[in-house]
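Participant: Sharing a structure, written as structure tokens. Questions coming.
Derivation of every value follows stated rules applied to the coordinates shown; laboratory data play no part. What you see is a predicted model; the values in this text were computed from it and never measured. Here the Cβ positions follow ideal geometry from the backbone for every residue, glycine too, while neighbour counts run over all protein chains shown.
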Amino acid sequence: MDRTLVIAKPDAVERGLAGEIIARLERRGLRLVAAELRSIDAETAGRHYAEHQGKPFYASLVEFITRSPALLMVVEGPGDTWKVVRTMMGATNPKEAAPGTIRGDLAIEMTENLVHGSDGPESAEREIGIFFPALAG
Ligand code: IDP
Ligand code: MG
């Protein structure tokens, strides 16, 4: 089975949409391997979003992802699980996300786009290692 990291971001938990996000993933056929509601600290946010350091939105992104608890999850499927999740998430900018996607159905604003999913197999491995080190490798 092939695993990826998914985060129901603070806005999702605040809006009571964590269950909706889990339900969509499960209905699609993905299985929860791990799930924990946890406040992400600034250092962990910096590791997770290292690729975005130096970008104009970086400070607001870290402020957002650390502001209240997020639901961290590892999900698994038969293959290309990261891609299945990314397709379900929709475009980064919810204004451009297709109807039927999580962002396209449930979000409007860019930063507050409800969900994170790893963007490839290497990212999935790296990010699972950050949030669930016991599951890495
Ligand atoms: P992704 O979440 O779809 O993978 P990334 O490009 O990895 O998108 O960006 C990470 C997060 O940073 C996005 O989900 C969004 O919350 C935020 N973000 C990305 N680009 C912008 C931007 O141009 N302005 C404000 N926030 C942004
Ligand atoms: Mg990304």
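Participant: Neighbouring Cβ atoms within 10 Å as the yardstick, rank E20, E96 fewest first.
Facilitator: Least to most surrounded, the residues fall as E96, E20.
Participant: Count charges around G90 for me, please; just the other residues with Cβ under 9 Å from its Cβ, Lys/Arg as +1, Asp/Glu as -1. All intermediate terms of the calculation are to be shown ahead of the outcome.
Facilitator: Values: positive: R86, R103; negative: E96, D105.
So the surrounding residues net to 0.
Participant: Now for a separate question. Residue-wise, which Karplus ³J(HN,Hα) couplings in Hz belong to region 60-74, taking 6.51 cos²θ - 1.76 cosθ + 1.60, θ = phi - 60°, and x for glycine or proline?
Facilitator: Result, ordered by residue: 5, 5, 5, 4, 5, 6, 9, 6, 6, x, 10, 9, 8, 9, 10 Hz.
Participant: When every alpha-carbon pair in the chain is counted, what percent end up more than 28 Å apart?
Facilitator: In whole percent, the share of Cα-Cα pairs in the chain beyond 28 Å is 8.
Participant: In nm, give the distance between the simple-model label positions of R31 and I130, each being 7 Å from the Cα along the Cα-to-Cβ direction.
Facilitator: 2.7 nm
Participant: F131: net charge of surrounding residues, Cβ under 9 Å, Lys/Arg +1, Asp/Glu -1, itself excluded?
Facilitator: With Lys, Arg at +1 and Asp, Glu at -1, the net is -1.
Participant: Still on this structure: In the neighborhood of R31, defined by Cβ-to-Cβ distances under 13 Å, what is the net charge if each Lys or Arg adds +1 and each Asp or Glu adds -1?
Facilitator: Working: positive: R3, R27, R28; negative: D2, E26, E76.
Taking every other residue near R31 into account, the sum is 0.
Participant: Output wanted: per-residue J couplings in Hz (rounded whole) for region 127-133, from phi through Karplus 6.51 cos²θ - 1.76 cosθ + 1.60, θ = phi - 60°, x for Gly and Pro.
Facilitator: My calculation for region 127-133 gives 6, 4, x, 6, 9, 9, x Hz in order.
Participant: Each residue of region 15-32 in order: what ³J(HN,Hα) in whole Hz does its phi give by Karplus 6.51 cos²θ - 1.76 cosθ + 1.60, θ = phi - 60°, with x for Gly and Pro?
Facilitator: 8, x, 10, 4, x, 4, 5, 4, 4, 4, 5, 5, 4, 5, x, 8, 10, 6
Participant: Quick one: if you stick a label point 7 Å off each Cα along the C-beta vector at Y49 and S68, how many nm between them?
Facilitator: The modelled label-to-label distance comes out at 1.7 nm.
Participant: Right, something else. At a 10 Å Cβ-Cβ cut-off, how would you order M88, M1, M73, M110, fewest neighbours first?
Facilitator: M1, M110, M88, M73
Participant: OK, next. In deg cm²/dmol, rounded to 500, what helix-only [θ] at 222 nm does the chain give when every DSSP H run of at least 4 residues adds -39500 (n - 2.57) and the total is split over its residues?
Facilitator: So the calculated ellipticity at 222 nm is -11000 deg cm²/dmol.
Participant: To continue, here is another question. Neighbouring Cβ atoms within 10 Å as the yardstick, rank S123, S60 fewest first.
Facilitator: S60, S123
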